[in-house]
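Notes follow once the structure below has been shown.
The values are calculated or read from the model by the stated rules, or taken from the named source; none is laboratory data. Small disclaimer: the values here were computed from a predicted structure and weren't measured. So basically every Cβ, Gly included, is an ideal-geometry build from the backbone, and we count neighbours across all protein chains shown. For accessibility, only protein heavy atoms count, side chains too; no ligands or nucleic acids. Shrake-Rupley method; radii C 1.70, N 1.55, O 1.52, S 1.80 Å.
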Amino acid sequence: MLYKFKSKAAGDLIMLEPNGRRVLEIIGKDAGPKGIILAEEMPGAIRALDSAIEREEAEQKAAIEEAKAKGEVPPRFGDVSLRQRAVPFIDMLKRCSAAGKEIV
């Protein structure tokens, strides 16, 4: 399944189901088949995504440092980070917020 985010202020953004669901969960939206992110909700959504990205990166850095301290091989994480997946969505949120347009 795909998630297709549409707005009059930005180009369409398509995400695979697991990635789209994760982004929606982070911003506190239901991952149902249809929904709307209102312009007034977008600053909070951007903050939530930025916070989740910072938290993920800090956890990964701590896990690497812990492994190095123990003399173990540092863990590998997914090939694509939350930051890489969320940046296009954050950009869409910023554009739509500035234009006062919702995302469907």
Worksheet item: Which condition number in (1) among the hydrophobic types (A, V, I, L, M, F, W, C); (2) under 17 Å from the mean Cα position of the chain (by Cα); (3) part of a loop (DSSP other than H, G, I, E, B) is the one that ALA9 fails?
Response: (2)
Worksheet entry | Selection from segment 67-90 of residues that are in a loop (DSSP other than H, G, I, E, B) and out of contact with any helix residue (DSSP H, G or I) (no Cβ under 8 Å at 6 or more places or on another chain) | LYS70, GLY71, GLU72, ARG76, GLY78, ASP79, VAL80
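Of all residues in segment 67-104 being in contact (Cβ under 8 Å) with a residue 12 or more places away in the chain and of a type in the set (Val, Ile, Thr), which is most open to solvent (accessible area, probe 1.4 Å)? Steps first, please.
First, pick out the residues of segment 67-104 that are in contact (Cβ under 8 Å) with a residue 12 or more places away in the chain: 75, 77, 81-83, 85-86, 88-104.
Then drop every residue that is not of a type in the set (Val, Ile, Thr), which leaves 90, 103-104.
Working: ILE90: 14, ILE103: 1, VAL104: 85 Å².
Taking the candidates together, the pick is VAL104.
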Worksheet entry | Of the criteria (1) assigned to a helix (DSSP H, G or I); (2) modelled with pLDDT under 95; (3) open to solvent by 100 Å² or more (accessible area, probe 1.4 Å), which one ILE64 fails | (3)
Practice prompt. Just name the residue that is least open to solvent (accessible area, probe 1.4 Å) out of those in segment 4-22 that are in contact (Cβ under 8 Å) with a residue 24 or more places away in the chain and farther than 16 Å from SER97 by Cβ.
Written response: MET15
Practice prompt. Mind listing whichever residues of segment 24-54 are in contact with a strand residue (DSSP E or B) (Cβ under 7 Å, 6 or more places away or on another chain) and modelled with pLDDT of 95 or more?
Written response: ALA45
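Is it the case that ILE37 is open to solvent by 30 Å² or more (accessible area, probe 1.4 Å) and hydrophobic (A, V, I, L, M, F, W, C)? Walk me through it before giving the result.
Working: open to solvent by 30 Å² or more (accessible area, probe 1.4 Å): no; hydrophobic (A, V, I, L, M, F, W, C): yes.
It is false that ILE37 is open to solvent by 30 Å² or more (accessible area, probe 1.4 Å) and hydrophobic (A, V, I, L, M, F, W, C).
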Item to complete: Being touching a helix residue (DSSP H, G or I) at 6+ places or on another chain (Cβ under 8 Å) and outside any helix (DSSP H, G or I) is the filter; apply it to segment 30-61 and report the residue that is nearest to CYS96 (Cα to Cα).
Response: ILE37
